Structures are given as C-alpha cells and as structure tokens.
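Comments concern the structure below.
The values are calculated or read from the model by the stated rules, or taken from the named source; none is laboratory data. Quantities reported herein were computed from a predicted structural model and do not represent experimental measurements. Cβ: placed from backbone, ideal geometry, glycine included. Neighbour counts: every protein chain shown.
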Amino acid sequence: DAKTTQPPSMDCAEGRAANLPCNHSTISGNEYVYWYRQIHSQGPQYIIHGLKNNETNEMASLIITEDRKSSTLILPHATLRDTAVYYCIVRVASNTGNQFYFGTGTSLTVIP
Amino acid sequence: DTEVTQTPKHLVMGMTNKKSLKCEQHMGHRAMYWYKQKAKKPPELMFVYSYEKLSINESVPSRFSPECPNSSLLNLHLHALQPEDSALYLCASSQPWTSGPYEQYFGPGTRLTVT
C-alpha cells in the first residue's frame, strides 16, 4: 500500500494561503491522491482528489508533482473555520470499493 | 442529498452488553464502510461492503459483526466489547471503484464508551 507522510502540525495566518504538503513516494501509477479534513469530533469531509494533473474546486487546489511522489493542498484564503486535521490519502486500487488508509494527518491551526 | 446518518450519536455499554450501530445513506451508493477512530489518531478501516456483500475485513475481532441488510443500510453489531474498543465509529459510503474514483462520504460518527 502506498503510504503518506505529512508534517504533524502547521499554522497559517487568517486570509493567507495555507500550503499543506504530502509525500507519497511509493504511489502506483493508477492510484489517486485524496485530501480530506476532519474538524474536531466530526466525520471527515472530502476536499479534492487527483491523479496526475493539478485540480481546483471551490474549496482548494491540489498540486501534484510530475513524478507523483508528492502533492500540496492549497487553501487560497484560510479562515478560522479551516482549522482542522487534514489527511492526505492514497486510494488503494480495488474493484471492491475505495479503500482509504489514512495517514497521521496535519493539524492546521488558522491564527487570527 | 449527500448525507450519511449514524445512530446513536453516543453509546455507553457494559462489557457483557449487546448493542448495534446503524448507518444509513440515500445517495444510491453501493459501497459502504466502517472505520474506527481512537482519540488523536486517524480513522482505521474495519470493513468494506460492496454491493451488499462483505469484501474487506481488516482482521477485526469477531466481537464486531457487520451487516448490510440492503443497499442503504449498514449495521455494526457489538458484543462482549472491551474498554479499549471505546472510540468514534465512522460510517462512510461511495460508489464502488468499478464506477470510477468516487469520494467517500462520511457520517458524523457514533461515540462509543465501553465500561
């Protein structure tokens, strides 16, 4: 299984961009990178996913390096409500469903 | 409707009790999942159901017994649990992989305390 490595914690000033890195050096060619976040004691919330190309949606942007061994989640204008644990997940390819194996995540604190 | 509901929100049970956790979704998803999350740890996959059949059991002890009676409902039956089983139990659903790289939708979880 591809494993992910993330810094345990980060701070970001409110209104600034938050850049959360993730290493997944053993990722396979057909495995997707997903990002979720979990606000304290709630269920994880989907943010974005990608395979090779950079992706953007209303919540965030995902930048994947050309060799696919790392990625960065960008929250363009962080707010206090973005304080959460952010998980980078490499989805294991399977025909039985999307098996997610969560890494330890990055605890992001947005500072006023 | 992109909601996964879980009941109860909180559950306290003794080690000799039998209880069940319930999860429901009405998004037409055909894959459903149980995760266990201990405090300050990431969620750990327990079971995967695909088209109402158990496809993955991550070596979970038999005191946890999953059941998928139909495509919208997922249960987790609990019996003879230990205090170390106290955790947040999360349910999720998605389209199966064969339909593409769909995201999982998570419920709010059931906070279980075993006394």
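Here are some notes:
- Of the criteria (1) over 28 Å from B:A39 (Cβ atoms); (2) surrounded by fewer than 19 Cβ atoms within 10 Å (Cβ to Cβ), which one A:N23 fails: (1)
- Test for A:M59: is it within 14 Å of the chain's Cα centre (by Cα), of a type in the set (A, V, I, L, M, F, W, C) and outside any strand (DSSP E or B): yes
- Taking the criterion of being charged (D, E, K, R) and at pLDDT 90 or above, the only residue of the range A:20-46 that qualifies is A:R37.
- Residue in the range B:67-79 that is modelled with pLDDT under 95, outside any strand (DSSP E or B) and more than 9 Å from chain A (Cβ to nearest Cβ) present: yes
- Identity of the residue in the range B:23-32, farther than 18 Å from A:S41 by Cα and within 14 Å of the chain's Cα centre (by Cα), that ends up surrounded by the fewest Cβ atoms within 10 Å (Cβ to Cβ): B:E24
The rows are residues; the columns are (1) surrounded by fewer than 16 Cβ atoms within 10 Å (Cβ to Cβ); (2) at pLDDT 95 or above; (3) not aliphatic (A, V, I, L, M).
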residue: B:V4; (1), (2), (3): no, yes, no
residue: B:T7; (1), (2), (3): yes, yes, yes
residue: B:L11; (1), (2), (3): no, yes, no
residue: B:S20; (1), (2), (3): yes, yes, yes
residue: B:Y35; (1), (2), (3): no, yes, yes
residue: B:S62; (1), (2), (3): yes, yes, yes
residue: B:S65; (1), (2), (3): yes, yes, yes
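- Residue match in the range A:73-96 (condition: outside any strand (DSSP E or B), in contact with a Ser or Thr (Cβ under 9 Å, 6 or more places away or on another chain), within 14 Å of chain B (Cβ to nearest Cβ) and of a type outside the set (S, T, N, Q)): yes
- Scanning the range B:80-98 for residues that are more than 10 Å from chain A (Cβ to nearest Cβ) and outside any strand (DSSP E or B) yields B:A80, B:L81, B:Q82, B:P83, B:E84, B:D85, B:S86.
- Scan of the range A:37-56 for residues that are outside any strand (DSSP E or B) and closer than 17 Å to A:C22 by Cα, ordered by number: A:L51, A:K52, A:N53, A:N54
- Consider the range A:43-55 and keep the residues that are of a type outside the set (D, E, K, R) and more than 26 Å from B:V4 (Cβ to Cβ). The one that is surrounded by the most Cβ atoms within 10 Å (Cβ to Cβ) is A:N54.
- Look at (1) within 13 Å of the chain's Cα centre (by Cα); (2) buried (at least 16 other Cβ atoms within 10 Å of the Cβ) and you find that B:P42 fails only one, number (1).
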